[in-house]
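Contents: one structure, followed by commentary.
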Amino acid sequence: MSVPKRKQLSKAIRLEVLNKYDNHCAYCGCELTYEQLNVDHKIPLYYAEFGYDINYLESMDNYMPSCRSCNKYKTTYTIETFRKMIEKQPDILNRDSSTYRLATKFGVVTPTPHKVKFYFEKVEENLK
Ligand SMILES: [Zn+2]
């Protein structure tokens, strides 16, 4: 089975996605305008191949407002893989960037490893 084609979303649906977290990216929490909105699938669309209901995958419950950088980095990751990838950033930077290594050596950049909590999780916690 091939990956289902991404559904074309109407402006009304896109506005509803944008309003889901009050014009904020569901992941990093930055403010978003309609023009900046990327509609992410919380559970990646290709999960349809593993028997996930396409109607759920293409529903408001699964649509997440996202900024360009979060959407680009999350790509087809699940929430938990996306979280792990962000948490590993200091190690990745340390491995790949001599600029980062130098900046940490001189203490002008200090890595602060911690568990990543997404904006939508903080919002949901505050609603409880
Ligand atoms: Zn973001």
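The values are calculated or read from the model by the stated rules, or taken from the named source; none is laboratory data. Keep in mind that this is a model prediction, so the values were computed, not measured. No Cβ is skipped: glycine too gets one built from the backbone with ideal geometry, and neighbour counts run over all protein chains shown.
Just one of V108, V116 is among the hydrophobic types (A, V, I, L, M, F, W, C) and in contact (Cβ under 8 Å) with a residue 24 or more places away in the chain; which is it?
Criteria check complete, one pass: V116.
Given region 41-128, what helices (runs of 4 or more DSSP H) lie entirely inside it while holding 3 or more residues that are within 16 Å of the ligand (Cβ to nearest atom)?
68-74, 79-87, 119-127
In the list Y27, Y34, which residue meets the criterion of being closer than 19 Å to N126 by Cβ and at pLDDT 95 or above?
After ruling out the rest, the residue left standing is Y27.
What is the number of the single condition among (1) among the acidic types (D, E); (2) assigned to a loop (DSSP other than H, G, I, E, B); (3) farther than 23 Å from Y21 by Cα that E35 does not meet?
So E35 meets the others, but not (3).
Among the residues of region 43-78, write down those that are surrounded by 17 or more Cβ atoms within 10 Å (Cβ to Cβ) and under 10 Å from the mean Cα position of the chain (by Cα).
Within region 43-78, M64, P65, S66, C67, C70, N71, K74 qualify.
Could you say whether any residue in region 22-37 is more than 16 Å from the ligand (Cβ to nearest atom), exposed (fewer than 12 other Cβ atoms within 10 Å of the Cβ) and farther than 30 Å from I92 by Cα?
no
Taking only pairs six or more apart or across chains, which ones have beta-carbon atoms under 8 Å, a first residue in region 54-72 that is aliphatic (A, V, I, L, M), and a second residue that is within 16 Å of the ligand (Cβ to nearest atom) and part of a strand (DSSP E or B)?
Qualifying pairs under 8 Å: L57/H41; M64/V39; M64/D40; M64/H41.
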